[in-house]
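Step one of this worksheet: look at the structure below.
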């Protein structure tokens, strides 16, 4: 996935172009470009699954973690087209209410992300499916932690089976 393959849904496009095409009152301190860059995501959201990661080494996700995430999705009979992926590291970032409005996720997977830091109004332990607002949440350690840890992979797989069979 590259920057040339970013797909924006209708809601985000409307947010980006909510003014006329010609704005004669643009100032140099206009921060719309910075705001738009932080709304970037990967995936097509076909299955209404939101994946949050916390990656400081990449704009979205490192190549190694993307490979692991792709393998996890494949094992669940999903692909990147089924999810929408946000990196919660850069600031400002989209928060829970904005993601719900723009993408209507039904399932959430948080890899190395604390729910409160994403604006999710509850706390819950790792590897425990949590329901809220007609959505199901799964919190797990960061992908870099799971990658080489067989025990963590087993815990994650057990939760993913429950998440996608419910």
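How far apart, in nanometres, would the label points at residue 104 and residue 74 be if each is projected 7 angstrom from Cα along the Cα-to-Cβ direction? Calculated label separation equals 3.1 nm. The label point for residue 145 and the one for residue 5, both projected 7 Å from the Cα toward the Cβ, are 2.9 nm apart.
Quick note: the coordinates plus some simple rules give every number you see, no bench work behind them. Quantities reported herein were computed from a predicted structural model and do not represent experimental measurements. With ideal geometry, Cβ positions are generated from the backbone for all residues, glycine too; neighbour counts draw on all protein chains shown.
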